[in-house]
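Note sheet for the following structure.
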Amino acid sequence: MHMATTLTINGETKSFDAPPEMPLLWVLRDILGMTGTKFGCGIAQCGACTVHVDGKAVRSCVLPVSAVANRTVTTIEHVGSTPAGAKVQKAWLEAEVIQCGYCQSGQIMAAAALLASTPNPDDSDIDAAMAGNICRCGTYVRIREAIKHAANGQS
Amino acid sequence: MSGKMRILTSVAAIAILAAGLGVVIIRGPGPLDFAGGPKVALADYRAGKPTGVPAKLEKASLVERGEYLAKAADCMVCHTKPGEKDYSGGLAFKLPFGTLYSTNITADKDTGIGNYTDQDFLNAVQHGKRRDGARLYPAMPYTSYTFMTDDDVLAVKAYLFSLPAVRARAPDNTLSFPFNQRWAMIAWSAVFNPDTRYMPDTSKSPEWNRGAYLAEALAHCGECHTPRNLGFALDNRRKFAGAITAGWRAFNISSDKATGLGNWSDADLISYLSLGHAPGHGSASGPMGEAVDHSFSQFAPEDISSIVAYLRSVPPQPSPDLPATTAPVAPASHKEGFTADARGKKVFASACASCHGWSGESPVSPMATLTGTWAVNDPAATNVAQIVISGTKRHTPDGALSMPAFGNAYTDDEIAAVANYVTARFGTKGSKLTAKDVAELREQTAE
């Protein structure tokens, strides 16, 4: 069953036909063509698909699109226009965090949500917020460094 | 009679009397005895129609009526092995004394019930007697189905016979002695099967009587939610007080205010039964999730309301091991609240926090909120561990929301640690599960 669905994504109203149980990630990538958000494991265990729903980091691969009706979705394509997202992206480039890059959309979304709620995170805050985002290249050290730089406004 | 004979006779008489008394004491009251009002035969009851299908199906065909009743009796969940054809049997029931397999109840003549006459089918469903005369084990809840009317049982048969016959032979049971002696079930049945059709209670409303028929004869709530007595039959002295069934805890559904359903609103109960979720009370998982998906979600709204009216009348039974109130929302910061189990916290941070949040209120969906659920407030953590092991999935009108199974990804030790962390952070009292406990829980649900 397809249904006309309307969502607010990155400040714009988007309308599309999708079954209500379709994961938000599929809507983003396959219907709306917003491929910045990545598919990793499909079971909310790797973090590559992280987006913001009402400002909180959630895994879009297990979130039925019907669950986000009337809520605000922000993706990697737009996070640079939020204050925390801009700081994170700048710090990421300065620290050369990225290696292969596949997980990095999710890492940046998780880090931006962390800084928006906890402007000065310590190591344990970073662990608690970032533990669900995994990186096969092992960039964790640089991720931690970049988050601290973004928090301090240094670069 | 010699003096010796007299003594022997007296001893025998006392033994028989004691055995009889013992049987009566163990058996206890019937499932509907608590209501206490005068009962009449169905034929003499004029106030309403407790049996059969809801009004909208009154004029439907026999097969359609049977379909509604088969779903209400939830035949499919036990008589279908996951991944196999509906009603073709083979589902394993792991018991302490061996494994039982459900039978094929499709109309296949060799491996199913294709040769059953109406009387054969009635014998099986109401009396626990197979076509070949052998006795059924009470894993088949015929002591509940016995309350169904002949018409309703035969409508179910018509429905089953309308479906494709599936050739599938269930594996042989692996019960140990003496449980492999089916003839012993003759005595069990004589003691524990009430073997009577539903009799309306004239002191209660027609709605209550409909609810009682649905809950007792069809939905067989007590089979999981009522503790068992020494004879493995339902102990209705503690009706609906909750019990462990198939490795999951079926919680207290008596009207107890603290640990039962006494404080649930009608809207909560209706929502939980028909959607598998009630705000602030959590979501149905495990066997109750299956009951919602295949049975309660298919009920007519007036039938759900009748069950609610009936549940409200069941006398309160406290669950002393549960807290008087569920724990409030946990702190939003991972630093506050319970932090003692470092390993459990690590697992929670990487596998759970992104959906359930550090406060227990899910940023994703109210259906994934942990706060207020009995699962996290049960100091035994039985259902928390089971959900972590096997995952859960809720189907709703808005689509499905699911949690993946972590049983293969994490060790018993890690699952114990995260269950202990979760019950301590989001419940009232942390559990003390060990890896061995988790291994045993896995064993009880493994297919």
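The values are calculated or read from the model by the stated rules, or taken from the named source; none is laboratory data. Nothing here was measured: the structure is a model prediction, and the numbers come from that model. Positions of Cβ are generated from backbone atoms using ideal geometry, with glycine treated the same way; all protein chains shown enter the neighbour counts.
Could you tell me how many of the residues in segment B:359-394 are touching a residue at least 24 places away in the same chain (Cβ under 8 Å), closer than 18 Å to B:VAL438 by Cα and in a loop (DSSP other than H, G, I, E, B)?
Residues in segment B:359-394 being touching a residue at least 24 places away in the same chain (Cβ under 8 Å), closer than 18 Å to B:VAL438 by Cα and in a loop (DSSP other than H, G, I, E, B): 4 in total.
Among the residues of segment B:311-319, is any basic (Lys, Arg) and more than 14 Å from every other protein chain (Cβ to nearest Cβ)?
yes
Pick from segment B:327-358 the residues that are more than 11 Å from chain A (Cβ to nearest Cβ), assigned to a loop (DSSP other than H, G, I, E, B) and among the small types (Gly, Ala, Ser): which of them is nearest to B:TYR410 (Cα to Cα)?
Among them, the one singled out is B:ALA340.
Tally up the residues in segment A:34-85 that are in a loop (DSSP other than H, G, I, E, B) and either of a type in the set (Asp, Glu) or at the interface with chain B (Cβ under 8 Å from one of its Cβ atoms) (or both), please.
7
Listed here are the residues, each with its yes/no results for (1) outside any loop (DSSP other than H, G, I, E, B); (2) surrounded by 23 or more Cβ atoms within 10 Å (Cβ to Cβ); (3) in contact with a Phe, Trp or Tyr (Cβ under 9 Å, 6 or more places away or on another chain).
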| residue | (1), (2), (3) |
| --- | --- |
| B:GLY231 | no, no, yes |
| B:ASN252 | no, yes, yes |
| B:ASN263 | no, no, no |
| B:SER274 | yes, no, yes |
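Being in contact with a Pro (Cβ under 9 Å, 6 or more places away or on another chain), in the same structural domain as B:THR80 (by TED's automatic domain parsing) and either surrounded by 14 or more Cβ atoms within 10 Å (Cβ to Cβ) or closer than 28 Å to B:ILE304 by Cβ (or both) is true for just one of B:THR106, B:THR149, B:THR202. Which residue is that?
B:THR106
Tell me whether segment A:124-136 contains one or more residues that are more than 13 Å from every other protein chain (Cβ to nearest Cβ) and more than 22 Å from A:THR74 (Cβ to Cβ).
Yes, some residue in segment A:124-136 is more than 13 Å from every other protein chain (Cβ to nearest Cβ) and more than 22 Å from A:THR74 (Cβ to Cβ).
Scan segment A:86-113 residue by residue and report those that are crowded, with 22+ Cβ neighbours inside 10 Å, among the β-branched types (Val, Ile, Thr) and either within 14 Å of another protein chain (Cβ to nearest Cβ) or assigned to a loop (DSSP other than H, G, I, E, B) (or both).
Listed by number, the list holds a single entry, A:VAL97.
Return the residue satisfying two criteria in turn: it lies in segment B:378-401 and is within 14 Å of chain A (Cβ to nearest Cβ) and among the hydrophobic types (A, V, I, L, M, F, W, C), and of such residues it is nearest to the chain's Cα centre (by Cα).
B:VAL388
Does B:ARG65 qualify as being charged (D, E, K, R), farther than 23 Å from B:ARG131 by Cβ and in a helix (DSSP H, G or I)?
Taking the combined requirement at face value, the residue satisfies it.
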